[in-house]
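Worksheet for the structure shown next.
Read-outs: derived from the displayed coordinates by stated rules, not from any lab. Just so it is clear, the structure is predicted and the values come from calculations on it, not from any experiment. Every residue, glycine among them, receives a Cβ derived from its backbone with ideal geometry; neighbour counts consider all protein chains shown.
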Amino acid sequence: MTEDQVIGLLTQNVIYLLGAIFIVIVIFKGVKIVPQSEKYVVERFGRLHSVLGPGINFIVPFLDVARHKISVLERQLPNATQDAITKDNVLVQVETSVFYRILEPEKTVYRIRDVDAAIATTVAGIVRAEIGKMDLDEVQSNRAQLIMRIKESVEDAVDNWGIEVTRAEILDVNLDAATREAMLQQLNAERARRAQVTEAEGSKRAVELQADAELYAAEQSAKARRIQADAEAYATEVVAKAIRENGIEAAQYQVALKQVEALNALGNGDGKQTIVLPANAIEAFGDAFKMLKGGK
């Protein structure tokens, strides 16, 4: 083999090798394997051409360039603290935390330079605006409602950036020392007032119960007197009826019966009794016994 043939053979081999290398480079440049957690923004001649999703993608080598590789995982902004003034002019320090993820990376890349700083600034402004609409008590008691309003406002603000705000949290609401001391004094005063009100209500209830008890006792006593009066009236009516129907004998009979009952009561007393009666009383008792015997 002559020298020219050897040179030609070497040249041919170099060309083949260069061709193989070129093909490898073309394949490497034209095939893009995108991870599941990312999206690639492809430019052609410096302009947006396409967005590559997860998996195997093909582009035109040397014309298309995967300029930006954007993670679509959820991100958390560093916790931030901002001062705000409530509707009742109380200075508070609000600590917030925001979670977001990129849905449309082409918007995020070409419409905002520092997305984290932009979201943090937006959140700070919205927090101040929303807290300025509420009193301090509302901020403390309606934290869930405040978080929802902040999240909705942030979503509207960052929608043009291709971002979804997944969660917004208010971690803490701090007050300055003077405000805390004033609130503590107010709380103690409120507790004392409630204790006094409770004591007064208890005294009032005791008086009401005592009055109810006395009224009940008076009603029962009146009822008993009324029943007794009804009984006496009934007895009187019976006697009067007997007198009307039977004449004076019935009246004498009732008087004699009472005399005998009185004598029996005296005789049944405890101990020994000595009873001194006038002579006309003895005669009256005798007449009574006769009348009772005759009545029977």
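Some observations on this one:
- Label-point gap, in nm, between Ala129 and Leu10 - each point 7 angstrom along Cα→Cβ: 7.5 nm
- Cβ-defined net charge surrounding Val98, 12 Å radius [Lys, Arg +1; Asp, Glu -1]: -2
- P(r) of the range 3-71 over all Cα-Cα pairs, binned every 5 Å from zero, in whole percent: 4, 16, 19, 16, 11, 8, 7, 6, 6, 4, 2, 0
- Lysine pair count for the range 38-136 (Cα-Cα distance under 21 Å; residues 8 or more apart in sequence or on different chains): 4.
- Each label was represented as a point 7 Å from its Cα along the Cα-to-Cβ direction; for Lys29 and Arg193 these points are 8.0 nm apart.
- Going by neighbour counts of Cβ atoms within 10 Å, the residues Asp159, Asp64 line up, fewest first, as Asp159, Asp64.
- Applying 1/(1 + (r/R0)^6) with r as the Cβ-Cβ distance of Leu103 and Asp83 and R0 = 35 angstrom yields a FRET efficiency of 0.65.
- Loop-resident sites, the range 37-113, for chymotrypsin sites (Phe, Trp or Tyr not before Pro), counting at most 14 other Cβ within 10 Å (DSSP): Phe45, Phe62
- Cα centroid of the range 130-171 to Cα centroid of the range 45-120, whole Å: 19 Å
- Least to most buried among Ile102, Ile21 (fewest other Cβ within 10 Å first): Ile21, Ile102
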